[in-house]
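Colleague: My questions will all concern the structure given below.
The values are calculated or read from the model by the stated rules, or taken from the named source; none is laboratory data. Note that the structure is a prediction, hence the values are computed from the model and not measured. Backbone-built Cβ (ideal geometry, glycine too); neighbour counts: all protein chains shown. What goes into the accessible areas is simple: the full protein's heavy atoms, side chains included, and nothing from ligands, DNA or RNA. Shrake-Rupley method; radii C 1.70, N 1.55, O 1.52, S 1.80 Å.
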Amino acid sequence: MIPLCDLRQQYLLLQAEIDAAMQTVAAAGNYILGPNVKALEQEVAAFCDCRYGVGVANGTDALHLALRALDIGPGDEVITTPFTFIATTEAVGLVGATPVFVDIDPSTFNIDAGSIEAAITPRTKAILPVHLYGQPCDMDAIMEIARRRGLYVVEDCAQAIGATHRGRPAGSFGDAGCLSFFPSKNLGGFGDGGMVVSNNEKLAGRVEILRRHGGRVKYHHEELGLNSRLDELQAAILRVKLPHLRRWNQLRRERAYRYNEHLAGLTGVRLPQELTASGASVPGAMAAGARDAIVSAVYHQYTVSVQDRDTVSRELSAAGIGNAVYYPVPLHLQEVHASQGWVRGDFPHAERAARHCLSLPMFPELTDEQQVRVAECLRTACQATDRTAAKVGA
């Protein structure tokens, strides 16, 4: 069995340090907003090229509280992508605002920056780009629109810590960057956790108040907030892992490029693409050496597009190859958003991605031998579906 993500290996590599960090926290008896949370906030903010970091309970709360800190609420609209996890629009709905969807760029699976302008109305308050699978969005274009139209930008960086666009880290472009430390993320804890990073002192201060019941001083509350504090124990674990993150991200890129080499020329399989300055999208292995490459993706997921996705997924699972579909139903077709009246066909690129995307095993410790086996099994699965399709056609 080759798992989609092997969290155990990372722990074993750092077991002595992690165990010691947890024991230190346990012995100190300072479990809520202690020294590890404060230190991690500074360290992660610096990693993201931001001045401030505020640890919260999870990535969803990071999005929710960032929007609240910008006073986005009922009557406001937030432009985002329909091809992402529900947490993105969940946060928009929790503040009482309305998500407005824009279709994706089929090359990168990220929001199509060229279509954002047409979705802006007098009620638009913010743009919420999602750096899906660890691939940065076209932040030059998004920020130009936001500046010209007077809109906030809140970046969903849950899958993209360490990714860069023109050398700048994801999360440092907009008013706020929202991180998740869910265990499977590139920087993951042993449970839920999240953080808001920002260069805006006022916004960071407001998130800090909101995360602890809306008050600066204990038992004195200025507004309705949440109990959304990053756990001290999780912060200690994340501090052990953070110094390794750049190397882990580089290993993910190397493994993505190796997949590209093994899967090159496979009929019916489209490889992940990366943005270049010319506006074209090319396979990551090519972008790595291209002079006009403008992004450094961190491959939280290595996601291909295949024709008969569900059959290929079953074949891979039967062969012991971990795989997953992120995401099978685009958000505009989810029941929770039915009242907005979106129908099938409104965002065809997102709908096609939902039908054809398949994520393969991806983690820093993935071996060459494992990748060769994954590629061989994918090739066999695709050939089997081709033969089945040929028989049906005959």
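Colleague: Quick check: from the Cα gyration tensor, does the range 6-77 come out rounded (a/c under 1.5), prolate or oblate? Walk me through the intermediate numbers first.
Modeller: Values: a/c = 2.38, a/b = 1.99, b/c = 1.20.
It is prolate, given that a/c is not under 1.5 and a/b is the larger ratio.
Colleague: Explain nothing, just the number: relative contact order of the chain, from Cα pairs under 8 Å at least 6 residues apart, as a whole percent. Provide the component values of the computation, followed by the final result.
Modeller: Numbers: 821 pairs, mean separation 81.0, N = 394.
The value is 21 percent.
Colleague: Roughly what would the spin-label model give for GLN307 and ALA264, points 7 Å off Cα along C-beta, in nm?
Modeller: According to this spin-label approximation, the distance is 2.3 nm.
Colleague: So what does the Cα-only Debye profile of the range 32-165 read at q = 0.15, 0.16 Å⁻¹, as log10 I(q)/I(0), no solvent term?
Modeller: Calculated log10 I(q)/I(0) at the listed q: -0.72, -0.82.
Colleague: In Å², and per residue, what accessible area does the chain have when probed at 1.4 Å with the other protein chains present?
Modeller: On the way: 16610 Å² over 394 residues.
With all protein chains present, the chain gives 42 Å² per residue.
Colleague: To continue, here is another question. Which of these, LYS241, LYS202, LYS185, has the largest mean-square fluctuation under a Gaussian network model of the chain (Cα springs below 10 Å)?
Modeller: Among LYS241, LYS202, LYS185, the largest mean-square fluctuation in the Gaussian network model of the chain belongs to LYS202.
Colleague: Here is a follow-up. Just to be sure I understand: with springs between alpha-carbon atoms less than 10 Å apart, which residue in MET362, MET143, MET195 has the highest mean-square fluctuation in the Gaussian network model of the chain?
Modeller: Most flexible of the set in this elastic network: MET143.
Colleague: Here's another thing I want to ask about it. Can you give me the P(r) profile for the range 287-363? Cα pairs, bins 10 angstrom wide beginning at 0, each as a whole percent.
Modeller: P(r) for the range 287-363, in whole percents per bin: 17, 35, 30, 17, 2.
Colleague: Still on this structure: Compute the distance in nm between two label points, each set 7 Å from the Cα along the Cα-to-Cβ direction, one at THR121 and one at GLU90.
Modeller: 2.6 nm
Colleague: Considering only DSSP beta bridges with both partners in the range 148-227, what is the antiparallel share in %, to the nearest 5? Walk me through the numbers before you get to the answer.
Modeller: Numbers: 8 of 11 bridges.
If we restrict to bridges inside the range 148-227, about 75 percent are antiparallel.
Colleague: Same structure, new question: Please give me the summed charge of the neighbours of PHE347: other residues whose Cβ is under 11 Å from its Cβ, Lys and Arg +1, Asp and Glu -1. Don't jump to the answer; show the numbers that get you there.
Modeller: Numbers: positive: ARG344, ARG352; negative: ASP103, ASP112, ASP346, GLU351.
Local net charge: -2.
Colleague: Tell me, how many Å apart are the Cα centres for the range 58-106 and for the range 156-189?
Modeller: 16 Å
Colleague: While we're looking at this one, here's another question. Find the centroid of the Cα atoms in the range 23-43 and in the range 126-151, then give the distance between the two in whole Å.
Modeller: 34 Å
Colleague: With bins 10 Å wide starting at 0, give me the P(r) of the chain over every alpha carbon pair, in whole percents.
Modeller: For the chain, the pair-distance distribution reads 5, 23, 32, 26, 12, 3, 0, 0.
Colleague: HIS349: accessible area at probe 1.4 Å, nearest 10 Å²?
Modeller: Around 80 Å² of this residue is reachable by solvent.
Colleague: Continuing with the same structure: Could you work out how much longer the chain between GLN334 and ARG51 gets when fully extended? Use 0.36 nm per residue separation minus the Cα distance between them, nm to one decimal. Kindly include the intermediate steps, with their values, before the conclusion.
Modeller: Details: separation 283, 0.36 × 283 = 101.88 nm, distance 3.69 nm.
Stretched out fully, the GLN334 to ARG51 stretch lengthens by 98.2 nm.
Colleague: Restricting to bridges with both residues inside the chain, how much of the DSSP beta-bridge set is antiparallel, in percent to the nearest 5?
Modeller: On the way: 28 of 43 bridges.
Given both bridge residues lie in the chain, the antiparallel proportion sits at roughly 65 percent.
Colleague: Of ALA91, ALA146, ALA256, which has the largest mean-square fluctuation in a 10 Å C-alpha GNM of the chain?
Modeller: Fluctuation is largest for ALA146.
Colleague: Would you work out the relative contact order for the range 92-242, in percent, from Cα pairs under 8 angstrom that are 6 or more residues apart?
Modeller: On the way: 250 pairs, mean separation 19.7, N = 151.
About 13 percent, as a whole number.
Colleague: With only Lys, Arg, Asp and Glu charged, each at its Cβ (+1 for the first two, -1 for the last two), find how big the charge dipole of the chain is about the Cα centre; round to the nearest 20 debye. Each step should come with its number before you reach the end.
Modeller: Values: 38 positive and 43 negative charges, 57 e Å.
Its charge dipole is roughly 280 debye.
Colleague: Taking only DSSP H segments of four or more residues, each worth -39500 (n - 2.57), what value at 222 nm results for the chain once the sum is divided by all its residues, to the nearest 500 deg cm²/dmol?
Modeller: On the way: 14 runs with 158 residues, N = 394.
Result for the chain: -12000 deg cm²/dmol, rounded to the nearest 500.
Colleague: Within the range 51-177, what percent of beta bridges assigned by DSSP are antiparallel, to the nearest 5? Intermediate results must be reported in sequence, preceding the final value.
Modeller: Working: 3 of 16 bridges.
Counting DSSP beta bridges with both partners in the range 51-177, the antiparallel share is about 20 percent.
Colleague: Lys pairs in the chain, Cα-Cα under 28 Å, at least 8 apart or on separate chains: how many? Walk me through the intermediate numbers first.
Modeller: On the way: LYS38/LYS185; LYS38/LYS202; LYS38/LYS218; LYS38/LYS241; LYS125/LYS202; LYS185/LYS241; LYS202/LYS218.
Summing the qualifying lysine pairs gives 7.
Colleague: Tell me the angle of helix 232-241 to the major Cα principal axis of the chain, expressed in degrees between 0 and 90 and rounded to the nearest ten.
Modeller: Helix 232-241 sits at roughly 50 degrees to that axis.
Colleague: Could I ask something else about it? Report, to one decimal in Å, the Kirkwood hydrodynamic radius for the range 91-160 based on all distinct Cα pairs.
Modeller: Values: mean 1/r = 0.0800 Å⁻¹.
Hydrodynamic radius (Kirkwood, Cα pairs) of the range 91-160 is 12.5 Å.
Colleague: Taking only the alpha-carbon atoms of the range 121-279, what semi-axes of the equivalent ellipsoid follow from 5 times the gyration tensor eigenvalues under a square root, in whole Å, largest first? The partial results should precede the final answer.
Modeller: Working: eigenvalues 209, 107, 29 Å².
Working through the eigenvalues yields semi-axes of 32, 23, 12 Å.
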